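The values are calculated or read from the model by the stated rules, or taken from the named source; none is laboratory data. As the structure is a computational prediction, the values presented were derived from the model and not from experiment. For neighbour counting, all protein chains shown are included, and Cβ atoms are generated from backbone atoms with ideal geometry for every residue, glycine included. Remember, those area values only see protein heavy atoms, side chains included, never the ligands or the DNA or RNA. Shrake-Rupley method; radii C 1.70, N 1.55, O 1.52, S 1.80 Å.
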Amino acid sequence: MNINKTVYKFKEVYRKLSVPQFTIVTGLIIVFFGTLILSSPLCSSSDVGLWEAFFTSTSAITVTGLTIIDIGVDLNIFGQIFLAFMLLSGGLGLMAITTFLQGFVVKGTQLRTRLDKGKTLDEFGVGGIGRTFQSIAITATTIISFGAIILYFFGFLEIQNNWERLWSAIFHSISAYNNAGFSLRSNSLQEYRSNFVVNIVFIFLIVMGGLGWRVIDDLWRNRKNLSYKKLNLHSKLVIRTSFSLIFFGSLGFFITETLLNSQFFSDLNFFEKILSSIFETVSARTAGFTNFPISLNSISDTGLLLLMTLMFIGASPGGTGGGIKTTTFIALMAATRSTLRGQKDVIISNRLISDKVILKAVGITVASLLFVLLMAMLLSTTNTFIKKESFTFLEILFTCISAFATVGFDIGLTAKLNHFGQFILIIGMFVGRLGILLLLSALWQALYKSRIEKQKRIGFPKADLYV
């Protein structure tokens with residue numbers, strides 16, 4: 001009887017939550033149970049305590065890749081399998097899983113109305129939850145399986161044990177597709193720096209995961225008579241922007257590191273430099289794998305700034321990566337172009353973009369910038385006073401963007417930070433994966449729900465503002 005009352009009260013509490021609030025609570029619950037399981041002797045060694053498990057669990061569910069433990073050493077096979085499931089849960093769509101669970105917990109409520117209020121999420125269509133969930137699962141299984149097969153038969157050939165090679169291929173394929181950056185090797189993919197097959201497979205998996213299921217689904221629908229013109233506007237913009245960023249990012253990285261004679265291209269021939277440039281540029285789009293140690297000594301300041309820009313932009317909506325998203329970036333660029341031309345409307349590919357979309361893009365970008373700067377300020381002050389160890393602001397800013405954009409590039413700070421500094425990164429990873437607007441929406445609805453309802457019924461006079 002008491003159990004039934006507890007379950008009833010639990011459902012009543014969840015019924016009162018908005019979609020953003022429901023998503024945050026669900027994410028925290030997953031992190032909590034993930035922490036308990038990863039810290040247990042069944043999954044890890046004695047070196048993995050609650051704090052290490054908490055950091056790793058958050059990094060996994062947010063598909064970031066930052067870690068303060070050695071995944072291949074400190075986690076046994078059960079821990080690695082559980083970590084892979086967490087990567088799938090976080091990468092394939094915490095939003096899809098949350099909404100799927102919400103259908104059971106909040107059974108009987110007006111789900112369509114509640115979903116309409118959750119437009120700050122990576123939308124997948126009201127009423128189309130089942131089809132979308134199935135589409136995401138099928139797409140992910142197909143691409144991950146393809147990557148694992150290639151890595152097993154042509155990539156990780158130096159691993160003699162067949163079962164060990166198979167698991168390594170599966171785990172890295174899951175991690176790459178979900179843009180997670182977790183590796184079973186302590187040095188990530190440094191030993192495969194000149195391996196063409198491994199680099200190409202990882203590039204393919206990262207790009208496919210970053211494009212998002214919407215684009216993949218659109219390409220599949222038009223597979224019989226595949227034409228760029230037949231794709232919808234979202235797919236066109238995502239593909240065009242993604243490959244433009246990869247091309248110009250790779251070219252810029254190659255030029256800066258070659259002209260400035262950084263250590264990153266040491267002992268590489270021309271072809272290997274091109275391959276390594278493409279790999280790091282693609283990985284910077286929220287994957288976090290690296291084939292050479294990233295530090296102030298190995299990469300020039302200009303190269304680090306370029307990587308930070310790519311990290312901040314990130315992947316695409318509905319994809320497994322983070323960042324402000326490619327569509328947000330292209331919307332801002334289009335709005336800037338229209339302003340410079342003196343145009344009243346924002347036009348992209350002969351299509352009128354609504355003011356609501358532009359305002360959302362501006363809101364996401366400004367809020368993300370402010371949040372990253374706040375992280376950097378807290379990290380630079382608290383770590384210096386508490387641990388008496390100072391870092392350059394470039395190192396701190398790079399790490400904060402890497403955490404917030406769920407990239408996972410580690411410049412050498414993560415393990416050196418005190419617990420408070422690592423907690424700042426944990427918050428950054430969680431907020432970055434769920435979305436800054438979702439967090440603000442949840443907090444705003446919790447604190448000012450009555451004011452929101454009141455403002456909907458109030459009209460305000462217009463006024464000019466000089467900018």
Which condition number does Ala148 fail, the rest of (1) within 22 Å of the chain's Cα centre (by Cα); (2) open to solvent by less than 10 Å² (accessible area, probe 1.4 Å) being met? (2)
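Hey, can you tell me all the residues within segment 220-265 that are among the aliphatic types (A, V, I, L, M), surrounded by 13 or more Cβ atoms within 10 Å (Cβ to Cβ) and closer than 30 Å to Ile294 by Cα?
Keep residues of segment 220-265 that are among the aliphatic types (A, V, I, L, M), which gives 226, 231, 233, 237-239, 245-246, 251, 255, 259-260.
Now narrow it down to the ones that are surrounded by 13 or more Cβ atoms within 10 Å (Cβ to Cβ): 231, 233, 237-239, 245-246, 251, 255, 260.
Of everything in segment 220-265, those that are among the aliphatic types (A, V, I, L, M), surrounded by 13 or more Cβ atoms within 10 Å (Cβ to Cβ) and closer than 30 Å to Ile294 by Cα turn out to be Val238, Ile239, Leu245, Ile246, Leu251, Ile255, Leu260.
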Please verify whether segment 75-83 includes one or more residues that are touching a residue at least 60 places away in the same chain (Cβ under 8 Å) and crowded, with 22+ Cβ neighbours inside 10 Å. yes
Among Ser402, Ser316, which is the only one that is touching a Ser or Thr at 6+ places or on another chain (Cβ under 6 Å), small (Gly, Ala, Ser) and open to solvent by less than 20 Å² (accessible area, probe 1.4 Å)? Ser316
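Just to be sure before I move on: is Thr309 in a helix (DSSP H, G or I), polar (S, T, N, Q) and open to solvent by 30 Å² or more (accessible area, probe 1.4 Å) in the structure I sent?
Numbers: in a helix (DSSP H, G or I): yes; polar (S, T, N, Q): yes; open to solvent by 30 Å² or more (accessible area, probe 1.4 Å): yes.
Against the criterion (in a helix (DSSP H, G or I), polar (S, T, N, Q) and open to solvent by 30 Å² or more (accessible area, probe 1.4 Å)), Thr309 qualifies.
Residues Ser295, Ser354, Ser276: which one is in contact (Cβ under 8 Å) with a residue 40 or more places away in the chain, open to solvent by 20 Å² or more (accessible area, probe 1.4 Å), over 16 Å from Phe404 (Cα atoms) and of a type in the set (S, T, N, Q)?
Details: Ser354 fails: in contact (Cβ under 8 Å) with a residue 40 or more places away in the chain; Ser276 fails: open to solvent by 20 Å² or more (accessible area, probe 1.4 Å).
Ser295 is the lone residue from the list that is in contact (Cβ under 8 Å) with a residue 40 or more places away in the chain, open to solvent by 20 Å² or more (accessible area, probe 1.4 Å), over 16 Å from Phe404 (Cα atoms) and of a type in the set (S, T, N, Q).
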For Leu413, only one of the following conditions fails: (1) touching a helix residue (DSSP H, G or I) at 6+ places or on another chain (Cβ under 8 Å); (2) touching a residue at least 24 places away in the same chain (Cβ under 8 Å); (3) within 30 Å of Asp70 (Cα to Cα). What is its number? (2)
Residues of segment 252-266 being in a helix (DSSP H, G or I) and in contact (Cβ under 8 Å) with a residue 12 or more places away in the chain, which ones? Gly252, Phe253, Phe254, Thr256, Glu257, Thr258, Gln263, Phe264
Among the residues of segment 353-370, are any among the hydroxyl-bearing types (Ser, Thr, Tyr), within 26 Å of Phe196 (Cβ to Cβ) and in a loop (DSSP other than H, G, I, E, B)? no
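Of these, Ala335, Ala331, which one is assigned to a helix (DSSP H, G or I), buried (at least 20 other Cβ atoms within 10 Å of the Cβ) and touching a strand residue (DSSP E or B) at 6+ places or on another chain (Cβ under 6 Å)? Spell out the reasoning first.
Values: Ala331 fails: touching a strand residue (DSSP E or B) at 6+ places or on another chain (Cβ under 6 Å).
Checking each option against the conditions leaves just Ala335.
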